[in-house]
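Notes to accompany the following structure.
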Amino acid sequence: MASVPCCGGSDGFPAEWGSVDEVSSALLNHNALNPNALNPNALNPNALNPNALNPIALAPNRLALSALSAAVRAAITRPGELGAMSRQLLQYIVGCALTPSQSFRFSWRDELGELREEVYPGYLGLAASWAIAPLSESREQWVSACVASRANRTGVSVMISSRAAHLALRHPDASEVESYPMEEGAFWGNLFATPPRLYACYNESNAESSRALSRDCAAGLPEPEGGVRECPNIHIVGSCDLACDALSAADGYRPSCTDDRGESWPAVITTFLP
């Protein structure tokens, strides 16, 4: 079984976690089922409009409103479509990073001047210590893999089972494994890098079934003239059997995958569908 790419924290737990309480909370969340409908255009909104949320500006700060840059605060409090896309992306980032016992809160005013309160709870706990310290590169990669795996071009919310070497996703319960037996593919990369790099691969045997369930960011959407159309900002490298290590026999995840530059990434999330 692959080890989590991180170093020990001062409390004796991996640095992915911020405290003993957060470790306990996250490890109770073995069921990694989560709904996914993130607009993939939001994965790199800075490429679309410089006034949208730029994840690169998030990483050097702890995840607290008072610690965020003015540009980030402006992006998530902006009314209108750009602000909505920034808030959606941030909500998914928080859900991937923090544990259920943590949350991120802020307020903003809409076009009519009405005050809106936002509370984004954590869910998977892939970088719980972000609440008290900036993201490390390892945590950036885990959160990025999670966010990419939750993108859905159609906007339809689809339940997936997420599995990985990370402690928060390493041990899906038996009922989840039984109910979600079909490997869709795997996701990895770094949304917080300059420029952002996100990758996906697919299980060739299940590509059509994945598309039928409105999931095509791993396999791509077939074009009439041939080839496939990728989800924005997620590059498909091909079959997971060629790009990644074999599935772990014990818990069913890909321990590492290789991008189109030949670089190996250990922070990989493998997704399964019904």
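The values are calculated or read from the model by the stated rules, or taken from the named source; none is laboratory data. What you are looking at is a predicted structure, and each value in this text was computed from that prediction instead of being measured. As a convention, Cβ positions derive from the backbone with ideal geometry for all residues, glycine included, and neighbour counts pool all protein chains shown. What goes into the accessible areas is simple: the full protein's heavy atoms, side chains included, and nothing from ligands, DNA or RNA. Shrake-Rupley method; radii C 1.70, N 1.55, O 1.52, S 1.80 Å.
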Filter result for Ala165 (small (Gly, Ala, Ser), within 20 Å of Thr258 (Cα to Cα) and surrounded by fewer than 24 Cβ atoms within 10 Å (Cβ to Cβ)): yes
Answer residue from the stretch 188-224, given it is basic (Lys, Arg) and either in contact with a Gly (Cβ under 7 Å, 6 or more places away or on another chain) or open to solvent by less than 50 Å² (accessible area, probe 1.4 Å) (or both) and is farthest from Glu137 (Cα to Cα) among those: Arg215
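This table checks each residue for (1) open to solvent by 50 Å² or more (accessible area, probe 1.4 Å); (2) in a strand (DSSP E or B).
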site: Phe106; (1), (2): no, yes
site: Gly113; (1), (2): no, no
site: Glu117; (1), (2): yes, yes
site: Tyr123; (1), (2): yes, no
site: Leu135; (1), (2): no, no
site: Ser138; (1), (2): no, no
site: Ser144; (1), (2): no, no
Positions within the stretch 207-249 being of a type in the set (S, T, N, Q), closer than 12 Å to Arg153 by Cβ and touching a helix residue (DSSP H, G or I) at 6+ places or on another chain (Cβ under 7 Å), in sequence order: Asn233
Output for the stretch 47-72, where each listed residue is out of contact with any Leu (no Cβ under 7 Å at 6 or more places or on another chain), open to solvent by 60 Å² or more (accessible area, probe 1.4 Å) and either on the phi > 0 side of the Ramachandran plot or touching a residue at least 24 places away in the same chain (Cβ under 8 Å) (or both): Ala47, Pro60, Arg62, Leu65
Pairs, first within 26 Å of Pro79 (Cβ to Cβ) and touching a residue at least 40 places away in the same chain (Cβ under 8 Å) in the stretch 99-127, second open to solvent by 10 Å² or more (accessible area, probe 1.4 Å) and among the acidic types (Asp, Glu), C-beta under 9 Å, six or more apart: Phe104/Glu118; Arg105/Glu117; Arg105/Glu118; Phe106/Glu117; Phe106/Glu118
Filter result (assigned to a helix (DSSP H, G or I) and of a type in the set (Ser, Thr, Tyr)) within the stretch 71-88: Ser86
Any hit, the stretch 245-256, residues being open to solvent by less than 20 Å² (accessible area, probe 1.4 Å) and assigned to a strand (DSSP E or B): no
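Please find, among Ala207, Ala186, Ala212, the residue that is of a type in the set (Gly, Ala, Ser) and touching a strand residue (DSSP E or B) at 6+ places or on another chain (Cβ under 6 Å).
The match here is Ala186.
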Residue in the stretch 169-187 that is free of Cβ contacts under 8 Å to residues at least 60 places away in the same chain, open to solvent by less than 30 Å² (accessible area, probe 1.4 Å) and either more than 25 Å from Pro55 (Cβ to Cβ) or assigned to a helix (DSSP H, G or I) (or both) present: no
